[in-house]
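Take a look at the structure set out below.
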Amino acid sequence: MTPKQTENLFALTTPLYYVNDVPHVGSAYTTMAADAVARFQRLQGKSVLLITGTDEHGQKIQRTAEALNRSPQEHCDQIVSSFESLWDKLDIQYDRFSRTTASRHADIVKEFFGRLWDKGDIYLSQQQGWYCVACEEFKEERELISEKYCPIHTNKPVEWRDEENYFFRLSKYQQQLEALYQERPEFLEPESRRNEILSFIGQGLQDFSISRLNLEWGFPVPVDPKQTIYVWFDALLGYVTALLDSDQEPTLENALSQWWPINLHLIGKDILRFHAISWPALLMSADLPLPGRIFGHGFLTKDGKKMGKSLGNTLDPVALVSQFGSDAVRYYFLKEIEFGQDGDFNLTRFVNTLNADLANDLGNLLNRTLKMVHKYFDGRVPEVNLAAMAEDHPLKSYGQTLGKTVAQGYENLAFSQICEAILNLVQAGNKYIDEQAPWSLYKQGKLDLVKSVLYSVLESVRLAAYLLSPITPNLSNRIYNQLGFSIDFNDKTTIETALPYETHAQWGVLPADQRLAEPQPVFLRLELPETLSS
Ligand SMILES: Nc1ncnc2c1ncn2[C@@H]1O[C@H](COP(=O)(O)OP(=O)(O)OP(=O)(O)O)[C@@H](O)[C@H]1O
Ligand SMILES: [Zn+2]
C-alpha cells in the first residue's frame, strides 16, 4: 500500500494518445472505461483526478506532419482539438488534458532526466536494431513478421537503426522489478498480462536507449543538445506533469506533492512493456514511489486485427455517437467486450444489444410501471412498509446485495459483469410484474399489494439507473428525472455531494409520495443503419 492510497484521493490515467491521426473507437474505449471508473470513485465520495492527453513528440508525429505539409506543432494542435471534441461528445469528465509539447512538461522532463543522470543510470552507447516507427520501439528480430513488420503494424516495415544514443540502465533494476511482481501481484492486471511481463523479465532485461539522433521533434537531451529525448521517456512523464495545478511552478516536487502516486493506469496491451517495465524502473531510478495498479485491456479488432490509426482499419466513434448517442456507445463497449479480452465490433449486435437491454428491458419496464402509478396513485410514489416486505421478495433480496456486488465489479474493472448483474435485477423486475399482474390486483381491490408491487419495481429501476450511471449517465439522468429527482449525473459537484453510493446504492431509497414525471421513453429503439455516416 502506497501512502496516498489511504487518503480520499483517486488519480487515474488513460494513455496519452499519439496524435498521428484523429481518435478512433480504440482510443475512445480506454477513455470510456477510465471515465466510468472516475465517476464510480466520485460516487464513493473520493476526490478524483482523471488524466488523459496526447503524446506529441517523436518521428511518428514528425513524419505525419511532414506528409501533410504542416508544422508538427500545427498538426498536433489540430488533432488535439479532435480528441477534445470527441471526449465532450462521449461525456468524458476528464480533469487534466496533458500535452507532451507543453513548456511546463519540458521542465519536468529535464529535472527527471537530471535525477537519473546524477544517479549514474544514463550512459552513451551504440544502438543497433530494427525500429518500428509506428510503435516508436525497437523490436527483436524474432518478433518480426515476414522479417520486416512488427506484429501490430503489418503495413509499415521496420527500419534499421545504427546510432550513438543515451541509454537507461534498465538491467540494473532486474531484481527490483522481479521483487515488485512477487510482492505486489495486483500491480499489473489481468493475470495473462502479468504472466507475459514476468516471462519477459525472466528472459533478462536489457538497457534501452532514451535519446535519438537527427530528430528535431522532441526535447533536447539536457547534457547533449544534438540529441533529442526518446518519445516514450517524455510521454510517460506526461502523467506526472498532469498532476500540477495550473498555477504551480513546474517542479517535480510540486507535481508529486498532492496526487502521487497515481492509483490506476489504464492502457491497451500494445503499450504494456512501457508501463509495466520501463515506467516502474524509471521511477525506481528516480527514487519515487510506484503507481498503485496498471490494467492492460485487450484490442478492439476488425477481422481479427487490432484497429489502429496506423493500419487505418478503424471505426469512427464520432459517427457512432452522432447516430446512437454516447450512452449507447459507452454501454455497448463496456458490456459486450470483457475488459481484458479482445473483441470484434459488429453493428447488428450493437443495435440488438441496446434495444434488448436498454430500450426493452429497462426502458419499457419503467414506462409501463410509471403509467400504472399515474393511473392508480395519481403519479406519486406509493407508500409501502419496506421492513414488512418479505426478506425473500425477489427484487428486495437481490436489490439489497446488488450495490455491494457492483462496487466490487467497478473496483475490479469488470464492466461486463456489472452490466449483467444490473440487468438481472431489471429482468427480475419484468418477470415479477408479469407474474404479479398489478392490473388485475387493482381490479380485485388489493391496493396494498398493488402499491408494494409497483414500488418494488420502480425502486429496482432506480437502483439499476444509479448503478449504471458511471456507464450511462444520460440514461440514468432521464430515469432519475422521471422518478421525480432533480439530479444531474453529469454534474461533478452533485455527484460528489448529493448522490453518495452508501445511500443510493441501497434498496429502498425512493421516497414515498414523491411526484413522478409523465412517462416518456428513456431510451429510443435504435434502427440498424445501412452504413455509418459522420
Ligand atoms: N484497437 C484498439 N483496441 C483497444 N484499445 C485501443 C485500440 N487502439 C488504440 N487503443 C488505445 O489507444 C492506445 C494506443 O494509442 P495510440 O495513440 O498508439 O493509438 P493507435 O490507434 O493504436 O495508433 P497506431 O495504430 O498508430 O499504433 C492503446 O494502448 C489503447 O489504450
Ligand atoms: Zn509497431
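The values are calculated or read from the model by the stated rules, or taken from the named source; none is laboratory data. The model shown is predicted, which means the values in this text are computed figures rather than measured ones. So basically every Cβ, Gly included, is an ideal-geometry build from the backbone, and we count neighbours across all protein chains shown. In case anyone asks, the SASA skips ligands and DNA or RNA and just uses the protein heavy atoms, side chains included. Shrake-Rupley method; radii C 1.70, N 1.55, O 1.52, S 1.80 Å.
Annotations
- A Cβ distance below 7 Å, combined with a sequence gap of six or more or placement on separate chains, defines the contacts here; from segment 512-534, residues that are within 20 Å of ARG478 (Cβ to Cβ) reach residues that are hydrophobic (A, V, I, L, M, F, W, C) and assigned to a loop (DSSP other than H, G, I, E, B) in the pairs GLN514/VAL381; LEU516/VAL381; LEU516/LEU483.
- Within segment 251-280, the set of residues being outside any helix (DSSP H, G or I) and more than 16 Å from ligand 2 (Cβ to nearest atom) comprises THR251, SER257, GLN258, TRP259, TRP260, PRO261, ILE262, ASN263, LEU264, HIS265, LEU266.
- Summed over segment 413-466, the residues that are aliphatic (A, V, I, L, M) and over 30 Å from ARG293 (Cβ atoms) give a count of 13.
- Scan of segment 278-296 for residues that are surrounded by fewer than 21 Cβ atoms within 10 Å (Cβ to Cβ) and among the aliphatic types (A, V, I, L, M), ordered by number: LEU283, MET284, ALA286, LEU288, LEU290
- Against the numbered list (1) assigned to a helix (DSSP H, G or I); (2) more than 16 Å from ligand 2 (Cβ to nearest atom); (3) open to solvent by less than 40 Å² (accessible area, probe 1.4 Å), LEU315 comes up short only at (1).
- Filter pass, TYR18 being within 16 Å of ligand 2 (Cβ to nearest atom), under 27 Å from PRO261 (Cβ atoms) and not charged (D, E, K, R): yes
- For segment 156-183, a residue qualifies if it is open to solvent by 50 Å² or more (accessible area, probe 1.4 Å) and either away from ligand 1 (no atom under 16 Å from the Cβ) or part of a helix (DSSP H, G or I) (or both), and the qualifying residues are TRP160, ASP162, GLU164, ARG169, SER171, LYS172, GLN175, GLN176, GLU178, GLN182, GLU183.
- Enumeration of residues in segment 481-534 that are among the acidic types (Asp, Glu) and surrounded by 15 or more Cβ atoms within 10 Å (Cβ to Cβ): ASP488, ASP491, GLU496
- Test for TYR398: is it open to solvent by 20 Å² or more (accessible area, probe 1.4 Å), outside any loop (DSSP other than H, G, I, E, B) and either closer than 27 Å to ILE337 by Cβ or in contact with a Lys or Arg (Cβ under 8 Å, 6 or more places away or on another chain) (or both): yes
- Residue in segment 419-441 that is basic (Lys, Arg), open to solvent by 30 Å² or more (accessible area, probe 1.4 Å) and more than 29 Å from PHE350 (Cβ to Cβ) present: no
- Residue within segment 285-293 that is more than 16 Å from ligand 2 (Cβ to nearest atom), over 21 Å from the mean Cα position of the chain (by Cα) and outside the structural domain of GLN206 (by TED's automatic domain parsing) present: no
- Meets criteria (within 16 Å of ligand 2 (Cβ to nearest atom) and touching a residue at least 40 places away in the same chain (Cβ under 8 Å)) for THR154: yes
- Some residue of segment 223-239 being touching a Lys or Arg at 6+ places or on another chain (Cβ under 9 Å), hydroxyl-bearing (Ser, Thr, Tyr) and in the same structural domain as PRO15 (by TED's automatic domain parsing): yes
- Pairs where the first residue, in segment 131-150, is of a type in the set (Asp, Glu) and the second is within 16 Å of ligand 1 (Cβ to nearest atom) and assigned to a strand (DSSP E or B), C-beta under 9 Å, 6+ apart: GLU136/TYR18; GLU136/ASP55; GLU137/TYR131
- Just one of (1) surrounded by fewer than 17 Cβ atoms within 10 Å (Cβ to Cβ); (2) within 26 Å of ARG515 (Cα to Cα); (3) not acidic (Asp, Glu) fails for PHE377. It is (1).
- Options ILE61, ILE92; residue that is within 16 Å of ligand 2 (Cβ to nearest atom) and among the β-branched types (Val, Ile, Thr): ILE61
- Considering GLU216, GLU186, GLU196, the condition of being in the same structural domain as ALA102 (by TED's automatic domain parsing), loosely packed, with under 15 Cβ neighbours inside 10 Å and assigned to a helix (DSSP H, G or I) is satisfied by GLU186 alone.
- In segment 346-387, the qualifying residues are those that are of a type in the set (Gly, Ala, Ser) and in a loop (DSSP other than H, G, I, E, B), and the one that is modelled with the highest pLDDT is GLY379.
- Residue in segment 98-111 that is among the charged types (D, E, K, R), within 14 Å of ligand 2 (Cβ to nearest atom) and either surrounded by fewer than 18 Cβ atoms within 10 Å (Cβ to Cβ) or outside any strand (DSSP E or B) (or both) present: no
- Scanning segment 292-316 for residues that are away from ligand 1 (no atom under 11 Å from the Cβ) and touching a residue at least 60 places away in the same chain (Cβ under 8 Å) gives GLY292, ARG293, ILE294, ASP316.
- Residue match in segment 138-151 (condition: away from ligand 1 (no atom under 14 Å from the Cβ), closer than 30 Å to TRP117 by Cα and within 32 Å of the chain's Cα centre (by Cα)): yes
- Failed criterion for ASP35 (all others in (1) open to solvent by 10 Å² or more (accessible area, probe 1.4 Å); (2) acidic (Asp, Glu); (3) part of a helix (DSSP H, G or I) hold): (1)
- Listed by position, the helices (runs of 4 or more DSSP H) inside segment 464-534 whose residues that are at pLDDT 95 or above and closer than 21 Å to LEU358 by Cβ number at least 1 are 473-482, 501-504.
- Filter result for LEU50 (open to solvent by less than 10 Å² (accessible area, probe 1.4 Å), in contact with a helix residue (DSSP H, G or I) (Cβ under 8 Å, 6 or more places away or on another chain) and over 20 Å from PHE187 (Cβ atoms)): yes
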